[in-house]
Number of protein chains: 2
Amino acid sequence: MKVLIETSARHIHLTTEHLEILCGKGFTLEEKKPLSQPGQYVSTTRLDVVGPKATIKNVVVLGPVRPKTQVEVSMTDARTLGMVAPIRESGDVAKSAPVKIAGPRGSIEIEEGVIIAKRHLHMTPEDAKKAGVKSGDIIMIDVNTPERGIIFKDVVVRVSDRFATAVHIDTDESNAANASYDMNTPLYGEIIK
Amino acid sequence: MKVLIETSARHIHLTTEHLEILCGKGFTLEEKKPLSQPGQYVSTTRLDVVGPKATIKNVVVLGPVRPKTQVEVSMTDARTLGMVAPIRESGDVAKSAPVKIAGPRGSIEIEEGVIIAKRHLHMTPEDAKKAGVKSGDIIMIDVNTPERGIIFKDVVVRVSDRFATAVHIDTDESNAANASYDMNTPLYGEIIK
């Protein structure tokens, strides 16, 4: 079964409380453009992620706000920042890496929240049924690109009727697979069970 | 057949002429530590790679000097620098990306020379015979790591009695494969034909 491959660049999810500390009391996120997952969007807000070794400026904040603040970076980013972050599924931030986030009105230091996203396949229940997989299954995705074809193993399946079917990889994985060789055409991979 | 996986970070190869412009007349590279490939070494010299959008400082120069100046970066680096570089085998720099290199005594601007290294498998003639492959063959390398197992396709084989047997991947590929999850133990992959 063919599935869309999407690259997630570094980004921040914030709680309402943290958003107000960083951007001011009563501040709310404004949608700049929608993401493929229904209801999720790129906001107009960008903040600085401050690591022990370096700062990465203007990191995009995704909306809407979430119950936990979370920073998703690539392993390359983690090294640039000077930290070691675990490879985790989104939302699983317990004992992940600490970091400072700086905004126009204030800054926060969180004890945990920085993760490197584990690659995953969002699926609608219909597509999951069609592919014969369920939430939590580990599958492989075969990607054929010029010069850098790759088979990603350890891809975790997540099924929800709130999802659109797409594989999410980070920028390191995307670059390793030459996934943006043709910016004008969506890239598809093949599920291998 | 099991083969060692090694990660190549961004680096510069220089001609004697360019080395002298950058570092001064009569300057020669000094070995800091040897690389796995016989005769190749990390030198004590570091230079700045200046792209249209950003500069990456302190990029290591590898020795010995070569017939052509070449800068090998990851795709992440190319984006940081603000350029598009082709995926190429080392030495194949015709019509690759232009760049400026800055050193303590001078700087050079080259019309071509920046590449993103195509992943490759260096082999001794003995190991190539054992594995049943020859120079130019395209094989796959299966890498099993926690969380991010990967199969690299499009790996080009190069055989020479001047080589040690090892797969070379860049930092994006290494991070995509979680290849440095255990810094204390060499990582091996399996050849798939």
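Observations, loosely collected:
Per-residue answers, yes or no, for (1) touching a helix residue (DSSP H, G or I) at 6+ places or on another chain (Cβ under 9 Å); (2) free of Cβ contacts under 8 Å to residues at least 40 places away in the same chain:
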position: A:GLY113; (1), (2): no, no
position: A:GLY136; (1), (2): no, yes
position: A:ILE139; (1), (2): yes, no
position: A:ILE150; (1), (2): yes, yes
position: A:ARG162; (1), (2): no, no
position: A:ASP170; (1), (2): yes, no
position: A:SER174; (1), (2): yes, no
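- Residues (within 10 Å of A:ARG10 (Cα to Cα) and either away from chain B (no Cβ under 14 Å) or touching a strand residue (DSSP E or B) at 6+ places or on another chain (Cβ under 6 Å) (or both)) located in segment A:63-74: A:VAL71, A:GLU72, A:SER74
- Unmet requirement for A:MET83, which otherwise passes all of (1) more than 12 Å from chain B (Cβ to nearest Cβ); (2) within 27 Å of A:THR55 (Cβ to Cβ); (3) assigned to a strand (DSSP E or B): (3)
- Test result for B:GLY149, over 17 Å from the mean Cα position of the chain (by Cα), facing another protein chain (nearest Cβ under 8 Å) and small (Gly, Ala, Ser): yes
- Selection within segment A:4-51: residues that are among the charged types (D, E, K, R) and under 12 Å from the mean Cα position of the chain (by Cα). The member of this set that is least open to solvent (accessible area, probe 1.4 Å) is A:GLU6.
- One residue stands out in segment B:117-132 among those that are within 14 Å of another protein chain (Cβ to nearest Cβ) and outside any loop (DSSP other than H, G, I, E, B): the one that is surrounded by the fewest Cβ atoms within 10 Å (Cβ to Cβ), namely B:HIS120.
- Unmet criterion (only one of (1) away from chain B (no Cβ under 14 Å); (2) open to solvent by 10 Å² or more (accessible area, probe 1.4 Å); (3) farther than 23 Å from B:THR76 by Cα) for A:GLY113: (2)
- The residues on offer are B:SER135, B:SER180, and the sole one that is within 9 Å of chain A (Cβ to nearest Cβ), open to solvent by 20 Å² or more (accessible area, probe 1.4 Å) and either part of a loop (DSSP other than H, G, I, E, B) or over 19 Å from A:PRO146 (Cα atoms) (or both) is B:SER180.
- Subset of segment B:65-91 [touching a Pro at 6+ places or on another chain (Cβ under 9 Å) and modelled with pLDDT under 95]: B:GLY91
- Selected residue (only one of A:SER107, A:SER90 is closer than 25 Å to A:SER160 by Cα and open to solvent by 10 Å² or more (accessible area, probe 1.4 Å)): A:SER90
- Look at segment B:1-27: where a residue is among the acidic types (Asp, Glu) and a partner is not in a loop (DSSP other than H, G, I, E, B), sitting 6+ places away or on another chain with Cβ atoms under 8 Å, you get B:GLU6/B:ALA166; B:GLU6/B:VAL167; B:GLU6/B:HIS168; B:GLU6/B:ILE169.
- Residue check for A:VAL157: of a type outside the set (S, T, N, Q), open to solvent by less than 20 Å² (accessible area, probe 1.4 Å) and in contact with a Gly (Cβ under 7 Å, 6 or more places away or on another chain): yes
The values are calculated or read from the model by the stated rules, or taken from the named source; none is laboratory data. All values derive from a computational prediction rather than experimental measurement. Because the Cβ atoms are built from the backbone with ideal geometry, glycine has one as well, and the counts that use them run over all protein chains shown. What goes into the accessible areas is simple: the full protein's heavy atoms, side chains included, and nothing from ligands, DNA or RNA. Shrake-Rupley method; radii C 1.70, N 1.55, O 1.52, S 1.80 Å.
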